[in-house]
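Participant: Can you keep this structure in mind? I'll have questions shortly.
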Amino acid sequence: MEIVEPRDLLDERGWLAVRGWARRPVLRYERSRVRASWWRIKEWDYYCVLCGGYGFALTCADLGYLGLVSAVWLDFEERCFHQENRLVLLPRGSMGLPESSEEGDVVYEDGRVRMRFLKRGAERRLLVDWPGFRGGGGLSVDVKLYEDPGADSMVIVVPFRKPKQFYYNRKVNCMPAEGVAVIGGEEKRFGGRDCFGVLDWGRGVWPYGCEWYWGSLSTRLEDGRTFGLNMGYGFGDTSAATENMVFVDGRSHKLDRVMFHFDRRDYLKPWRFTSNDGRLEATMQPILDRCSKTSLLVVKSAQHQVFGRFTGRAVLDDGSEVNFKDALGFAEYVVNRW
């Protein structure tokens, strides 16, 4: 069901008041309305910015009994990455992640790392100062993303099996990026025709064990239009809604179900993506696998986020067809115990 009218996400009992998908963030999330144990509440802001031969990803997450602040530098020419994390024990909601994806700042500082996500009108500014990153070489980031206030985004709210468990998520594709990062003393510029960022903004009450699939790309077509693709499943009960969308020049085109086809014995073999409505067919030629495993007390995570080049076709709502080739993006398979 498409949600078009603004309303509260949760009722007085802490149950979902609505479930479905939207093109705009019309639902109001209030943490105070959540009726669940603090260790089951999961909140995060994740950004990934890709620009030709390199990129970075930043995470600030409050998982209840553990906070995570993470930076990943991606080098597609050398086919390698470097990731470092800072962990916060028992944050219990104290990391101050905003209740809205449209306003509010994320600020983290611990003496070794300073990370800020600042929202000013249509601008999202990502700032990082991590002197000890990559053996002391350091990482600094000052990159601005422009979010067109008139553009659509992917919004979904779905339940899990228990009444007070849910996932409320917004993903914003095709945000042009401009700025600079310095990695190990080497300056990397961000900007130009095919340099974009994506936001993954998630709030919810999750079960302990879960797994998901997510893919995303943002690019510019040969005719100059922006093109974005978001696809995924495993995030709750997707019989209520799916998060599969195509974006062309800021307008969204809703897909039904998308399946990921890949070899779990070798994540660097080509991936294939198909939709049950016949509106999406794509392949990804992998470049690198950001593989990470975490095991810390009750938190366990195994992630394969594979970056690569996507080629395929998508059918828009009006029946016209869009072809894309060698678009930089990623697809991931994640198993969490959190």
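Participant: Summing +1 for each Lys or Arg and -1 for each Asp or Glu, what net charge is found among the other residues whose Cβ lies under 9 Å from the Cβ of W44?
Facilitator: -2
Participant: What distance in nm separates the simple spin-label points at L296 and R125, each placed 7 Å from Cα in the Cβ direction?
Facilitator: 2.9
Participant: Could you work out the per residue convex hull volume over the alpha carbons of the stretch 143-259, in cubic angstrom?
Facilitator: Given the Cα convex hull of the stretch 143-259, per-residue volume reads 140 Å³.
Participant: Follow-up question, since we're still on this one. Quickly rank 27-34, 180-187, 195-202 as a protection proxy: mean count of other C-beta atoms within 10 Å, highest first.
Facilitator: By packing density, highest mean first, the sequence is 195-202, 27-34, 180-187.
Participant: Across the chain, how many lysine pairs, 8 or more apart or on two chains, come within less than 15 Å at their alpha-carbon atoms?
Facilitator: Close lysine pairs under the 15 Å cut-off: 5.
Participant: Cα atoms only: what Rg and Dmax, in Å, come out for the stretch 19-162?
Facilitator: Rg, Dmax (Cα atoms, Å): 16.6, 47.
Participant: Using a/c under 1.5 as the rounded threshold, could you call the stretch 227-295 rounded, prolate or oblate? The axes a ≥ b ≥ c are square roots of the C-alpha gyration tensor eigenvalues, and prolate needs a/b larger than b/c, oblate otherwise.
Facilitator: prolate
Participant: Please state the shape class of the chain: rounded when a/c is under 1.5, otherwise prolate if a/b exceeds b/c and oblate if not, all from the C-alpha gyration tensor.
Facilitator: It is rounded, given that a/c, with a ≥ b ≥ c, falls under 1.5.
Participant: Here's a follow-up. Mind checking which of R251, R124, R225 has the largest fluctuation in a GNM of the chain, springs on alpha carbons under 10 Å?
Facilitator: Greatest mean-square fluctuation among the candidates belongs to R225.
Participant: Please give the Cα centre distance for the stretch 162-223 versus the stretch 30-83, rounded to the nearest Å.
Facilitator: Rounded to whole Å, the Cα centres lie 9 Å apart.
Participant: To continue, here is another question. Taking every eigenvalue of the Cα gyration tensor of the stretch 1-99, multiplying by 5 and rooting it, what semi-axes result, largest first, whole Å?
Facilitator: 32, 21, 8
Participant: Taking the chain as a whole, which cysteines find no other cysteine Cβ under 4.7 angstrom from their Cβ?
Facilitator: C48, C60, C80, C174, C210, C291
Participant: If you don't mind, another one. Pop out the ³J(HN,Hα) list for the stretch 271-283 in order, Karplus 6.51 cos²θ - 1.76 cosθ + 1.60 with θ = phi - 60°, rounded to Hz; leave Gly and Pro as x.
Facilitator: Result, rounded to whole Hz: 9, 10, 10, 9, 10, 6, 8, x, 9, 9, 9, 8, 10.
Participant: Arranged by the count of other C-beta atoms within 10 angstrom, fewest first, what order do R279, R112 take?
Facilitator: R112, R279
Any read-out appearing in this document is the output of simple, stated calculations on the displayed coordinates, not a laboratory observation. Remember, predicted model here, so these are calculated numbers, not experimental data. Cβ: placed from backbone, ideal geometry, glycine included. Neighbour counts: every protein chain shown.
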